[in-house]
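The values are calculated or read from the model by the stated rules, or taken from the named source; none is laboratory data. Because the structure is predicted, anything quoted here is derived from the model rather than measured. Neighbour counts run over all protein chains shown; Cβ positions are idealised from the backbone, glycine included.
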2 protein chains.
Amino acid sequence: MDNRTLSLFLHLCETLHFGRTSQAMHISPSALTRTIQQLEETLDTSLFERDNRSVQLTKEGVLFQQYAQESTSLWQNFKQSLMEETQELQGEISIYCSVTASYSFLHTILNDFRKAHPKIGMTLHTGDSEDAISHILEDNDDLAIGARPDKLPSKLDFKRITISPLVMIAPLNNPQYKNPANNWKGTPLILSEKGLIRKRIDTWFQQKNIKPTIYAQVSGNEAIVSMVSLGFGVGVIPKIVLDNSPLIDRVKTITHQPVLEPIEVGLCAQKKRLQNPLIKALWDSLSNP
Amino acid sequence: MDNRTLSLFLHLCETLHFGRTSQAMHISPSALTRTIQQLEETLDTSLFERDNRSVQLTKEGVLFQQYAQESTSLWQNFKQSLMEETQELQGEISIYCSVTASYSFLHTILNDFRKAHPKIGMTLHTGDSEDAISHILEDNDDLAIGARPDKLPSKLDFKRITISPLVMIAPLNNPQYKNPANNWKGTPLILSEKGLIRKRIDTWFQQKNIKPTIYAQVSGNEAIVSMVSLGFGVGVIPKIVLDNSPLIDRVKTITHQPVLEPIEVGLCAQKKRLQNPLIKALWDSLSNP
DNA sequence: CTTGCTATTGCGTAAAATGATATATTAACA
DNA sequence: TGTTAATATATCATTTTACGCAATAGCAAG
């Protein structure tokens with residue numbers, strides 16, 4: 001029985017949903033279906049009772065689940081003891097972060113780490129920074145770089161890398177956006193459709209009792225920079241994003257901005273994953289700020 | 001980690017010899033080499049220290065051996081409990097026997113067994129009946145059909161299927177072989193090159209203080225029938241072989257033959273393998289004679 | 001220097017896995 | 001009662017992988 005099949009099976013036991021498992025495990029639904037079918041064929045028994053709306057473990061499925069768990073844990077233990085034997089960490093760490101983070105922090109973080117542990121491979125998934133926390137909660141990756149939410153879920157651990165102020169940016173050549181505080185109604189805003197920064201802005205406007213004009217809701221801070229540079233309106237992003245943007249010369253920072261609390265950017269992981277020595281090594285390689 | 005790789009590895013741990021393992025596991029040496037290479041590559045460590053004359057387990061190899069043993073035993077246990085769950089035996093039994101045995105006993109033995117346990121698959125290896133015992137001792141197959149040796153190795157268990165007298169056969173149209181007892185010197189003998197029957201005949205001639213003329217030493221009782229039918233000489237075989245031979249009408253049985261003890265034909269297995277429920281089921285399906 | 005023994009490699013073919021797409025089935029809903 | 005959305009599976013073309021045969025390479029012993 002091979003480990004990939006086992007982990008697919010185990011994941012499917014959790015989700016009871018072919019689509020979600022195939023997505024999470026980065027294979028196509030058809031491949032997953034066939035892997036399971038083939039598994040059932042070799043065992044000559046059915047593991048899941050499924051119609052087109054639901055998936056349920058059978059008795060035999062439960063039995064196999066136990067086996068699969070024990071077997072993978074045996075494998076983990078072996079790998080661990082092999083590492084102890086060879087005195088060198090090896091394996092695979094998966095990281096989720098935004099494009100900006102991959103340009104800015106990630107490089108500096110991983111550079112040293114890679115030298116210290118050359119046999120550890122990295123898988124990098126980029127996406128909207130605001131999805132980092134949920135990505136980790138859903139077990140999609142080992143680690144993520146993102147903003148610390150106001151209320152950190154108890155399953156997660158967070159380690160600050162830096163603090164970045166929020167800045168408001170406007171197109172270079174539109175004097176009308178020079179001081180939007182005078183004229184919020186006439187100032188189209190470009191905001192994240194969700195996430196910590198959006199919440200902070202919403203709260204600020206509420207407190208001021210202002211109903212701003214929202215021109216566009218986008219996903220990804222990089223997209224905000226892009227739209228602002230094209231002249232669509234003003235937006236709020238972490239300063240770190242601006243500093244790493246190739247468009248930094250195409251927008252200007254507005255000084256009379258709403259005063260928003262800076263965000264804490266850092267590494268985030270499920271506590272249970274920190275028991276993995278590889279992940280712990282990377283975690284510990286970040287000196288406390 | 002998949003089970004086939006593990007069992008190849010474990011077997012190689014025992015033999016420390018690529019050639020023998022590949023033969024025993026029915027794959028080509030090159031496939032075995034590459035399986036091990038690939039295993040070492042995934043583990044990113046070397047498991048065997050090998051030059052062109054010797055193969056030795058490394059430290060890491062020993063560690064992996066432990067893992068492999070535990071993992072396969074976990075798998076065995078799972079399959080066992082799955083069988084208990086479904087109340088139906090399933091798996092694979094491998095049997096070694098001569099061509100004759102496959103024609104005569106095997107069919108009747110397996111016919112009922114197959115009906116009782118349709119999910120048990122069979123692998124059949126045919127070869128010289130005299131090799132049956134050593135085949136079992138060398139762990140090449142689960143069960144074998146063969147003659148009970150005078151001294152049964154203590155690791156083995158034996159269950160008689162039938163007793164077959166030994167008969168001497170001669171070509172049909174050669175009157176000179178009618179009563180070889182008158183003229184052993186002038187009677188070319190065709191004998192097995194080894195094995196129980198050969199030993200009995202040798203002993204008989206020794207006791208009579210006769211030095212017979214041995215025309216040919218062959219392997220396999222079927223080959224003896226073949227050569228005798230072609231007129232090369234006379235031979236001694238179990239009656240059961242003659243009865244199942246397509247050449248039965250091309251040879252005749254000599255009545256004034258040396259009086260040799262009949263042989264016991266039966267099923268043979270390593271005692272330890274009888275703990276396997278599949279094999280035990282087949283074993284038990286044979287009523288005691 | 002040759003021979004025998006072994007593990008390995010090159011290479012052509014066969015088998016298997018995969019992903020994109022189409023299909024089938026069914027629950028939910030209008 | 002259609003219609004839509006959700007979801008597992010089947011089909012097919014393509015890529016990847018595994019395998020066996022034959023050749024090779026390394027080494028010890030005669």
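Summary table
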quantity	calculated
Residue count for segment B:13-45, restricted to those that are away from DNA strand D (no atom under 14 Å from the Cβ) and either outside the structural domain of B:Trp75 (by TED's automatic domain parsing) or within 23 Å of B:Asn140 (Cβ to Cβ) (or both)	5
Residue count for segment B:152-168, restricted to those that are touching a residue at least 12 places away in the same chain (Cβ under 8 Å) and in a loop (DSSP other than H, G, I, E, B)	3
Residue identified as assigned to a helix (DSSP H, G or I), near DNA strand C (Cβ under 10 Å from one of its atoms) and surrounded by 15 or more Cβ atoms within 10 Å (Cβ to Cβ) among B:Leu6, B:Leu12	B:Leu12
Flag for B:Glu130 being closer than 30 Å to A:Val62 by Cα, touching a residue at least 12 places away in the same chain (Cβ under 8 Å) and within 27 Å of the chain's Cα centre (by Cα)	no
Some residue of segment A:236-244 being closer than 18 Å to A:Lys155 by Cα and touching a strand residue (DSSP E or B) at 6+ places or on another chain (Cβ under 7 Å)	no
Selected residue [in contact (Cβ under 8 Å) with a residue 24 or more places away in the chain, over 29 Å from B:Ile109 (Cα atoms) and surrounded by 13 or more Cβ atoms within 10 Å (Cβ to Cβ)] from B:Pro149, B:Pro171	B:Pro171
Extreme residue, surrounded by the most Cβ atoms within 10 Å (Cβ to Cβ), among residues of segment A:87-118 that are within 14 Å of chain B (Cβ to nearest Cβ) and more than 17 Å from A:Asn276 (Cβ to Cβ)	A:Pro118
Selection count, segment A:151-193, where residues are over 23 Å from A:Val251 (Cα atoms) and either of a type outside the set (Asp, Glu) or more than 25 Å from the chain's Cα centre (by Cα) (or both)	11
Unmet criterion (only one of (1) polar (S, T, N, Q); (2) within 12 Å of chain B (Cβ to nearest Cβ); (3) crowded, with 16+ Cβ neighbours inside 10 Å) for A:Ser73	(3)
Filter result for the condition that a residue is closer than 30 Å to B:Glu264 by Cα, of a type in the set (A, V, I, L, M) and in a strand (DSSP E or B), over B:Ile93, B:Ile109	B:Ile93
First in segment A:25-36 and part of a helix (DSSP H, G or I), second anywhere and within 6 Å of DNA strand C (Cβ to nearest atom) and at pLDDT 90 or above, Cβ under 6 Å, 6 or more apart	none
Lone qualifier among A:Phe48, A:Phe9, A:Phe78, A:Phe64 - being at pLDDT 90 or above, more than 9 Å from chain B (Cβ to nearest Cβ) and away from DNA strand D (no atom under 12 Å from the Cβ)	A:Phe9
Residue match in segment B:54-76 (condition: in contact (Cβ under 8 Å) with a residue 12 or more places away in the chain, of a type in the set (Gly, Ala, Ser) and more than 16 Å from DNA strand C (Cβ to nearest atom))	yes
Exclusive hit being charged (D, E, K, R), touching a helix residue (DSSP H, G or I) at 6+ places or on another chain (Cβ under 8 Å) and farther than 12 Å from B:Pro258 by Cβ, set B:Lys185, B:Lys199, B:Lys194	B:Lys194
Residues being in a strand (DSSP E or B) and in contact with a Ser or Thr (Cβ under 9 Å, 6 or more places away or on another chain) - total across segment A:251-289	5
Residues within segment B:1-41 that are of a type in the set (Gly, Ala, Ser) and within 17 Å of A:Phe78 (Cβ to Cβ), tallied	1
Answer residue from segment B:38-53, given it is among the charged types (D, E, K, R) and not in a loop (DSSP other than H, G, I, E, B) and is nearest to DNA strand C (Cβ to nearest atom) among those	B:Arg50
Matching residues, segment A:112-123, being part of a strand (DSSP E or B) and out of contact with any Phe, Trp or Tyr (no Cβ under 8 Å at 6 or more places or on another chain)	A:Gly121, A:Met122, A:Thr123
